[in-house]
Structure formats: structure tokens, C-alpha cells
1. Quick one: is Gly153 closer than 26 Å to Lys174 by Cα, at pLDDT 95 or above and either part of a loop (DSSP other than H, G, I, E, B) or not aromatic (Phe, Trp, Tyr) (or both)?
2. Just the residues that are open to solvent by 70 Å² or more (accessible area, probe 1.4 Å), in contact with a strand residue (DSSP E or B) (Cβ under 9 Å, 6 or more places away or on another chain) and not in a strand (DSSP E or B), please, taken from segment 18-52.
3. Go through segment 244-271 and count every residue that is among the aliphatic types (A, V, I, L, M) and at pLDDT below 95.
4. Just give me the residues in segment 68-104 being open to solvent by 70 Å² or more (accessible area, probe 1.4 Å) and either assigned to a strand (DSSP E or B) or of a type in the set (Lys, Arg) (or both), in sequence order.
5. When you go through (1) farther than 24 Å from Glu189 by Cβ; (2) touching a Ser or Thr at 6+ places or on another chain (Cβ under 8 Å); (3) of a type outside the set (D, E, K, R) one by one for Ile201, which number turns out not to apply?
6. Are there any pairs, at least 6 apart or on different chains, whose C-beta atoms fall under 7 Å, with the first in segment 170-199 and more than 18 Å from Phe156 (Cα to Cα) and the second hydrophobic (A, V, I, L, M, F, W, C) and in a loop (DSSP other than H, G, I, E, B), and if so, which?
7. State all residues of segment 2-17 that are open to solvent by 10 Å² or more (accessible area, probe 1.4 Å) and out of contact with any Lys or Arg (no Cβ under 9 Å at 6 or more places or on another chain); if no residue qualifies, say none.
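The values are calculated or read from the model by the stated rules, or taken from the named source; none is laboratory data. Computed from a predicted structure; not experimentally measured. With ideal geometry, Cβ positions are generated from the backbone for all residues, glycine too; neighbour counts draw on all protein chains shown. Only protein heavy atoms, including side chains, enter the accessible area calculation; ligands, DNA and RNA are left aside. Shrake-Rupley method; radii C 1.70, N 1.55, O 1.52, S 1.80 Å.
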Amino acid sequence: MNNTFLITEKVPEFFIQKLNSLGYKVDYKPDITSDDLGKIIENYCGILIRSRIVLNDILINKARELRYILRPGSGLDIIDIESAKKNNIQIINSPEGNRDAVAEHALGLLLSLMNHIPKAFNELTTLKWTRKENIGNELGGKTIGIIGYGNTGSAFVQRLLSFNVKLLVYDKYKSGFGNKVVDEVNQDEIFNRADIVSFHIPLTDETNYLINDEYLKKFANPVYLINTSRGKILNTKALVKAINSGRILGAALDVFENENFNNLSNEETNDLQALISSNKVILTPHIAGLTHESERKIFSILLDKLDQ
């Protein structure tokens, strides 16, 4: 039986050592291209991908002996899940491994946004002493709407418990999670009551560009918006319009529609520049889930699941 894994991204040494101890051989090709992968994928029982390689239907159907797809972290939007199911391939990911990192990053973005911390810092670097212009807003007493109550959504809730906030949570595919500190609500309640909204949902056909002009107009009051999930759940142009109109008080994004900044269209460049030039926006380069601790956890969890 084929027992060779292909690693298409850089991984910690202990990960390879553990695969070996489980009886697997390892081909380590962290720079392999999709074209080259298509020529050799039939030779492996397992493959690890993370962000560079998209396992589409064509590649999966070439992988005649593939039994496992390992994806460190959470997002499965780079895998044709239906094709994997048809070919009896098990998909293993590790969203538990970086949920704390994402939750802490989301909280950091929110506090920075509401207290104008990046703006104040940038002004100080030019020797501008602007206090009144940077008066912030406290979280206490605010109503926070959380869309998605999976690993990161629930971890974000835990970080917010000490802030005396009202927590409204909507998850289309979960129920019965409401308790003394979390109100389980429908999406309309979040539209009607939220001061802040944070997104913790996967990218699927259903959530692709969920946040558009129509969606943002549904909020009864101006809100702060946080997105640490997937860039393509949000239409950037719609967000820019909402910021300019005052419907969005501020936005913090860790993810973007197109994260290949070397290959942006003119329209994408203009929309990104509009965000960059706004003092109501904080941007980080998809690093919410990246910490020294989470990197070890996401690979350790993958190994534990593979060994079950």
C-alpha cells in the first residue's frame, strides 16, 4: 500500500518526524507549483496544502491513491470538497489550533479601531500632538453582533466577557448555544441592535460576497465592522461606500478579496487605496491566526487526528 505523503508548504521539523514515526514516507516539496503537482499527485496517499495550492476537481481526480488531504488551520475553500468525497478522500484540518490567535487578534483590532491607536501613532510620528481628535469609545455597554459561532467565534466571545458588553450571536447552522452571557439570535436582531459586528464564517458559495451594499444597508445604526475570516465574504467597494456614507464607523480587516497584492486589477488597487487612505480603517496581512503558539498547535492537532 502506498504510504507516502507530499508536503507542499513549509512545515516544522517535528511534523515530518512524527509522520515518519507513524509509518509514512515524506516527499518535501514546499515550492512545488500546481502544474508540477498535477504530474506527480497520483504517487501519494496523502498531501498537505495550506494556501498556495488549490486542490480542484482536476487535481483530485488525478490522485488515484490519495486517501488524506491535510490542511493546517481552518479554511477549506481551497479544496473541492465534493470531489474529495466522491473519491473517498478524508480531509483533515485543525481550526482548533489557531482559534485563540484569531480571537485575540480580532479583539486587538477592535480595541485599536475604537481608540484610534494606529491613527494616533501615525500622527505622533510626524510630531502631531492630537488628543481631542483621537478621543476613543469604550466597549462597555456596547452590543456586539457575532456572525458564526464555530471555533473562532466562540473564542472571540470568551475574550469579550470581561468588557460588560451585550453579546448577540447568529449561526445559521447551530442552535441551542444561548446561555447567560450569549444571546442566540437571528440575523435581523443583529441588524437592528448591533453597535459592532464581527465575522467568523467560512468562505462557501453561500457566504461568497455575503457582505455587499444590500447587506450593509440593513444595519439600523452605524457600526464598527471586523473581518478576520475570509476576504471574499466582503465586497470591498461596498465597504468603501459604507465608510464614506457613515454607515460604517470603522472597519478592521485581516483578509482581502485578492491577497495577491502583486496581481491586483486597477479597480482592486483603487478600492484598496481607498481603505489604506482612510483613518477609519485598520488593515493587517492575514496574520490573525499566525502566532508562534498557534503554528505548533495546528500541526500537532493534524497529527493527532491522522493518528486516530
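1. Spelling it out, Gly153 is indeed closer than 26 Å to Lys174 by Cα, at pLDDT 95 or above and either part of a loop (DSSP other than H, G, I, E, B) or not aromatic (Phe, Trp, Tyr) (or both).
2. Listed by number, the residues that qualify are Asn20, Lys29, Asn43.
3. 1
4. Lys85, Lys86, Gln90, Arg99
5. So Ile201 meets the others, but not (1).
6. Within 7 Å, the pairs are Phe191/Phe219; Phe191/Ala220; Asn192/Ala220.
7. Glu13, Ile16, Gln17
A quick yes/no check of all residues on (1) in contact with a strand residue (DSSP E or B) (Cβ under 6 Å, 6 or more places away or on another chain); (2) of a type in the set (Gly, Ala, Ser); (3) touching a residue at least 40 places away in the same chain (Cβ under 8 Å); (4) under 28 Å from Ser294 (Cβ atoms):
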| position | (1), (2), (3), (4) |
| --- | --- |
| Arg159 | no, no, yes, yes |
| Pro202 | no, no, yes, yes |
| Asn235 | no, no, no, no |
| Glu257 | no, no, no, yes |
